[in-house]
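I'd like to ask you about the structure that follows.
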Amino acid sequence: VSYKVFNLSQIEQLAEKYDMKEVSADNLYASGLIARTDLVKILGNGELKTKLVFKVNAVSAKAKEAIEGAGGTVEIIK
């Protein structure tokens, strides 16, 4: 499986730039960051300070811990 990978440091910047409250394939596609058919995986490099809802295809254990630590939630979609 091939994923379009985003690190937490990138997500923090994107959330600010695009005023995102939810990180999902639909939102990333609407912002022109991925193709319609891309699968999204979140990795734990960097820091996340913003409380966000993630609806993505995969997430690393470190990223999940950081997201939940910032008050956010993770939903794995198929």
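The values are calculated or read from the model by the stated rules, or taken from the named source; none is laboratory data. Computed from a predicted model, the values in this text were never measured in an experiment. A quick note on method: Cβ atoms are made from the backbone with ideal geometry, for glycine too, and the neighbour counts reach across all protein chains shown. Just the protein is used for accessible areas: all its heavy atoms, side chains included, with ligands, DNA and RNA removed. Shrake-Rupley method; radii C 1.70, N 1.55, O 1.52, S 1.80 Å.
May I ask you to list the residues in the range 30-62 that are over 14 Å from residue 3 (Cβ atoms) and surrounded by fewer than 16 Cβ atoms within 10 Å (Cβ to Cβ)?
Across the range 30-62, the qualifying residues are 30, 31, 32, 36, 45, 46, 47, 49, 51, 53, 61, 62.
Please work out if residue 65 is at pLDDT below 95, of a type in the set (Asp, Glu) and either open to solvent by 30 Å² or more (accessible area, probe 1.4 Å) or over 9 Å from the mean Cα position of the chain (by Cα) (or both).
Judged against the criteria, residue 65 is not a match.
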